[in-house]
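Single-structure report; data block below.
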Amino acid sequence: MSWLRRYGHWLLTIFVAFVFIQSLFFKFTNSPETIYIFQGKLDPWAATLGFPGIFAPGGIFSAHVVGVFELIASMLVIAGALLARQRWVQVLGAAMGMGVISGAIFFHLFTPLGVAVVNTDGTSDGGELFMLACGVWISCAIMLWIRREIWLGWLAKFGIGKATSF
C-alpha cells in the first residue's frame, strides 16, 4: 500500500476538516463577513435572476444550510479516516465536500462576489477564501482518487463503467 493511500489521506482529511470547521463559526454566528457574502452579494445577485431570498436566512442556500453540509462532510471524512474498515464513509464525505466547495468556487468565479472578496469597509481578503476553496476541492479530489476502488466498485455494481483502476 502506498504512503499516500496509507497516511497521505490524513493530511487531506485534516486540511478539509480544518477549513470547513473553522468557517462554521462565521456561518453559524451570522458574522458580518458571512452576512456580507450571503445577503450583501449573493442574494441580490440571485434576485436579479428571479431567485430572491435563496441566500437569505431560511433560504435553500443560506449560510446555515451550507454550514450544515460542510459540517457533515467534515464528520464523514474524519470518520472514514478513523475507521479503516469503513473507508467508504470517507468517499461520501469527500464527494459531499467536493460538491459543496464546487458551489463556492462557482459563486466566486461567476457572481459579483469575485475571487478577492472586498468587504463593505473596502478591505479585501486577497483571494484567501477562494484559494482555500480551491485547496479543499483539490484535497477532496485526491481523496476520491485514493479511494477510487470504492466508488468505481459502486459504479460497476450499477452497470456504469467497469471496476478498473486508473
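Every number here is computed from the coordinates shown, using simple stated rules; none is lab data. Since we're looking at a predicted model, the values are computed, not measured. Don't worry about glycine lacking a Cβ; one is built from the backbone with ideal geometry, like all the others, and counts go over all protein chains shown.
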Checked the range 47-106 against the a/c 1.5 cut and the a/b vs b/c comparison, axes a ≥ b ≥ c from its Cα gyration tensor; verdict prolate
Answer in debye to the nearest 20: the dipole magnitude of the chain about its Cα centre, from +1 Lys/Arg and -1 Asp/Glu charges placed on Cβ, is 980 debye
Which helices of the chain meet both criteria: a Cα extent of 20 Å or more along the helical axis and a mean Kyte-Doolittle score no lower than -0.5, with helices taken as whole DSSP H segments? 9-28, 63-82, 88-110, 128-146
Give the label of the value calculated from the structure for P(r) over Cα pairs in 10 Å bins from 0, in percent, choosing from (1) 10, 35, 30, 18, 6, 0; (2) 11, 42, 36, 10, 1; (3) 10, 29, 24, 18, 12, 6, 2, 0. (1)
Using alpha carbon centers only, the range 1-32 is separated from the range 85-154 by a whole-angstrom value of 10 Å
Theoretical ellipticity at 222 nm over the chain - DSSP helices of four or more residues, -39500 (n - 2.57) apiece, nearest 500: -20000 deg cm²/dmol
